[in-house]
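Engineer: One structure coming up, written as structure tokens, with questions to follow.
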Amino acid sequence: AQQMGAKFDSMFANSSAETKTTTEKGFVEGFAKQVGDIGSIMIAILVAVLFTMLLVAANTMAQSVRERTSEMGVLKTLGFSSGSILALVLGESVLIAVIGGSLGLGLAWLIVQNGDPTNGMLPIFILPARDVVIGAVMIVVLGLIAGALPAFNAMNLKITDALRRS
Amino acid sequence: MNFISQTFAVTMLNLRTIPQRLGSSGVAIIGIAGVVIVLVSVLSIAQGFSAAMEQTGSDSRALVMRSGADSEMTSGLGAPEIDIIKQAPGLRREGQAGVASAELYVIIDIPKIGTNSPANVPMRGVEPMASTVRSEFSIVEGRMFQFGTNEVVVGRGAVANFQGLTVGSTIHSGQNTWQVVGMFETDGSIAETEIWCDSRVLQGAYRRGNTYQTLLASLDSSQSFDTFRDWLTANPQVNVQVRRETEYYAQQSRALSTLIRTVGFGIAALMGIGAVFGAILTMYTAVSTRSREIATLRALGFNTTSVVVSVLTESLALAAIGGAIGGVLAYVAFNGYQTSTMNFSTFSQVAFAFQVTPRLLTMGLTYALLMGLIGGLFPALRAARLPIPSALREL
């Protein structure tokens, strides 16, 4: 297509009706770029959103671990290794993230099924499988990061400290 | 102790002990600040865009286009019609000549600075009266172009956003070359995204014959609009629509600003839900770490309502701090940030700057307070309903 386009342009060059040929995809992309660096604006906004939510999730996990310090102490006394405590906390964090994230992805998919909500302004709304996978990966990563610090603290808890707090 | 001093005492107790709970209070503050930053910055895009569009118009100028056209691009007026329009009553006159400029509007492809993809830059062919009609026009660099030549002047916004438009450069478009001899500004309106040249030369370059697309007329007073319009629409020799310039541009900006505002509010609403939960968690922690003190106060006879109010006030205070931080950060980071985007109605670029106005900051702060209120409600009710004996026994 590129070659045909170049050929057309050279046929009409310097005539009274010069042409400029692009592929349909290139034309639409050019249009989208004109609206402004949409890609980077969206990413900047979403980074801010993710960061805020990460903070809230981490706080929640930290609180939940704090509340159950004595239980962790009992588990350790019973013989659970520090590694398994780590896995427990991280697992809980990832599970919560998966539940919430899947709800979000599902809602997004539902909305996109309905087509274009902007009345023709931005006509194409699709959710390709690739983006769903990216979403799933982000969910797990978010869960892991949010739970990391509390899990680490729980893992290193000394049994005597933990039991003293009850 | 009466009710007010009770409430005041308990509230001060809450607020003064915030430093003991700095960690979780900090999280609530940052959460709310994040939401406010996103809300204010996205809305500032819409604000800057519509300000640029509205700034462009003046109440005492009227835009004449072909009847049925929805924008300058789709209108067409022949030279005989222009002559008739210039005779309309209500038009400001300087000596014999009416202060009006018949104009031609085309689009040329110039790459945006930064990306290499071409953008639709408007090129306006004007008559000598153009700078008189637009009183806010002034040349800031170089000089005005000479009518009859292929010289052009470029607006400040266009120079900032598109490649190769500085004074002294040459623009190549199709078979035409244009020499940039000056840069102008028009008080921040969208005319600054345009390139101006002589309409006669433009007509020749684009083989338009002796036609124009619009006429921008300066009325002798803002009240003569009705006389001007009625004479023209009643006249059987011309087939035009007449609008105040302000109204035309307000309508043009509506589609894009509505879209941006919807996106902004939507994202902020969703984020807000998350931030509210963060605030709820912080407040629950605050209440449970001090349940013994609260129970003691209640046992002493303090009113339960004063306890509720104190928790709510603490929540509102944290939210207010978060909202203020978010607003200030958004202002510092984004106010005045230059960018350009496409106006869907005319398919041409509009350069504008993000605008963080006091109204937006107030909106952000109000939203923050709302989140704080919702976040503090349930913890406050829980504090009020703590059964005193078991609370006193708690660690």
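Engineer: Evaluated at 20 °C with a viscosity of 1.002 mPa s, what Stokes-Einstein diffusion coefficient in µm²/s does the stretch B:265-312 have when Rh comes from the Kirkwood expression over alpha-carbon pairs? Let's see the in-between values first.
Structural biologist: Details: Rh = 12.4 Å.
Reported coefficient: 173 µm²/s.
Engineer: Right, something else. Hey, what's the per residue convex hull volume over the C-alpha atoms of the stretch B:241-395, in cubic angstrom? Spell out each step's value before the answer.
Structural biologist: Numbers: hull volume 21.5 nm³, N = 155.
Considering the Cα atoms of the stretch B:241-395, their hull volume per residue is 138 Å³.
Engineer: Additional query: Mind telling me which of B:G76, B:G157, B:G266 comes out most flexible in a GNM of chain B, alpha-carbon contacts under 10 Å?
Structural biologist: Among B:G76, B:G157, B:G266, the largest GNM mean-square fluctuation belongs to B:G266.
Engineer: Quick one: Cα convex hull volume of the stretch B:66-138, Å³ per residue?
Structural biologist: Values: hull volume 9.8 nm³, N = 73.
Hull volume normalised by residue count: 134 Å³.
Engineer: Counting each DSSP H run of 4 or more residues in chain B as -39500 (n - 2.57), what helix-only mean residue ellipticity at 222 nm follows after dividing by all residues, to the nearest 500 deg cm²/dmol?
Structural biologist: On the way: 12 runs with 202 residues, N = 395.
Helix-only estimate at 222 nm: -17000 deg cm²/dmol.
Engineer: If we count other beta carbons within 10 Å of each Cβ, what is the order of B:V121, B:V140, B:V35, B:V106, fewest first? Present the calculation step by step, with values, prior to reporting the outcome.
Structural biologist: Values: B:V121 27, B:V140 13, B:V35 31, B:V106 20.
Listed from fewest to most nearby Cβ atoms, that is B:V140, B:V106, B:V121, B:V35.
Engineer: Would any residue of the stretch B:38-64 have its amide N under 18 Å from a label point 7 Å out along Cα→Cβ of B:Q223? List them or say none.
Structural biologist: Output list for this probe position: B:59-62.
Engineer: Could you give log10 I(q)/I(0) at q = 0.13, 0.17, 0.20 Å⁻¹ for the stretch B:105-179, computed by the Debye formula over C-alpha point scatterers of equal weight, without solvent?
Structural biologist: At q = 0.13, 0.17, 0.20 Å⁻¹ the computed log10 ratios are -0.40, -0.70, -0.97.
Engineer: Cross-link partners among lysines for B:K112, C-alpha distance below 24 Å, same-chain residues fewer than 8 apart left out?
Structural biologist: Straight-line reach from B:K112, under 24 Å: A:K20, A:K25, A:K33.
Engineer: Calculate the length of the line joining the C-alpha centroid of the stretch B:125-203 to that of the stretch B:6-59, in whole Å.
Structural biologist: 42
Engineer: Same structure, new question: Cut-off is 10 Å between beta-carbons; in what order do B:I280, B:I32, A:I43, B:I84 appear when sorted fewest neighbours first? Before the final figure, lay out each step's value.
Structural biologist: Values: B:I280 21, B:I32 33, A:I43 11, B:I84 15.
Ordered by Cβ neighbours within 10 Å, fewest first: A:I43, B:I84, B:I280, B:I32.
Engineer: With the Cα gyration tensor of chain B in hand, convert its eigenvalues to equivalent ellipsoid semi-axes via √(5λ) and list them largest first in whole Å. Kindly include the intermediate steps, with their values, before the conclusion.
Structural biologist: Details: eigenvalues 757, 99, 47 Å².
After scaling each eigenvalue by five and taking roots: 62, 22, 15 Å.
Engineer: How far apart, in nm, are the 7 Å Cα→Cβ label points at A:M11 and B:T362?
Structural biologist: If labels sit at A:M11 and B:T362, their model points lie 6.3 nm apart.
Engineer: Given the C-alpha centroids of the stretch B:216-274 and the stretch A:79-96, what is the distance between them in whole angstrom?
Structural biologist: Centre-to-centre (Cα) distance: 60 Å.
Engineer: Next up: Please compute the Kirkwood hydrodynamic radius of the stretch B:260-342 from all pairs of different C-alpha atoms, in Å with one decimal. Let's see the in-between values first.
Structural biologist: Numbers: mean 1/r = 0.0627 Å⁻¹.
For the stretch B:260-342, inverting the mean 1/r across all distinct Cα pairs yields 15.9 Å.
Engineer: Return the loop-located chymotrypsin sites (Phe, Trp or Tyr not before Pro) in the stretch B:57-157 (DSSP other than H, G, I, E, B) with at most 16 other Cβ atoms within 10 Å of their own Cβ; answer none if there are none.
Structural biologist: Here the chymotrypsin sites (Phe, Trp or Tyr not before Pro) that fit, given the DSSP loop and packing criteria, are B:F147.
Engineer: Related question: Only Cα pairs under 8 Å and at least 6 apart count here; give the relative contact order of the stretch B:93-177 as a rounded whole percent.
Structural biologist: Numbers: 87 pairs, mean separation 21.6, N = 85.
RCO, the stretch B:93-177: 25 percent.
Engineer: Give the cross-link partners of A:K158 among the aspartates and glutamates, using a straight C-alpha distance below 13 Å as the criterion and excluding same-chain residues fewer than 8 apart.
Structural biologist: A:E71
Engineer: Considering the alpha-carbon set of the stretch B:339-390 alone, what are its Rg and its Dmax in angstrom?
Structural biologist: 22.6, 72
Engineer: Remind me, what semi-axes does the protein assembly as shown give for its equivalent ellipsoid, largest first in whole Å, using sqrt of 5 times each Cα gyration tensor eigenvalue?
Structural biologist: Working: eigenvalues 777, 174, 64 Å².
Over the Cα atoms of the protein assembly as shown, the semi-axes work out to 62, 30, 18 Å.
Engineer: Which order do the peptides B:295-302, B:36-43, B:255-262 take when ranked by the mean count of other beta-carbon atoms within 10 Å per residue, highest first?
Structural biologist: Numbers: B:295-302: 15.6, B:36-43: 27.2, B:255-262: 17.5.
Output ranking for B:295-302, B:36-43, B:255-262: B:36-43, B:255-262, B:295-302.
Engineer: If I model a spin label as a point 7 Å beyond the Cα along the Cα-Cβ vector, how far apart are those points for B:R261 and A:A1 in nm?
Structural biologist: Inter-label distance under the simple model: 3.8 nm.
Engineer: Here's another thing I want to ask about it. Once both labels are modelled 7 Å past Cα along the beta-carbon direction, what's the B:V167-A:L46 spacing in nm?
Structural biologist: Computed distance between label sites B:V167 and A:L46 equals 4.4 nm.
Engineer: Same structure again: Could you list the residues of the stretch B:45-63 with an amide nitrogen less than 13 Å from a label point located 7 Å from the Cα of B:S135 in the Cα-to-C-beta direction?
Structural biologist: Only B:58-61 fall inside the zone, counting backbone N under 13 Å.
Engineer: Can you put B:M342, A:M72 in order, fewest other beta carbons within 10 Å first?
Structural biologist: With the sparsest Cβ surroundings first, the list reads B:M342, A:M72.
Each value in this text was obtained by applying a stated rule to the coordinates, not by laboratory testing. As the structure is a computational prediction, the values presented were derived from the model and not from experiment. Cβ: placed from backbone, ideal geometry, glycine included. Neighbour counts: every protein chain shown.
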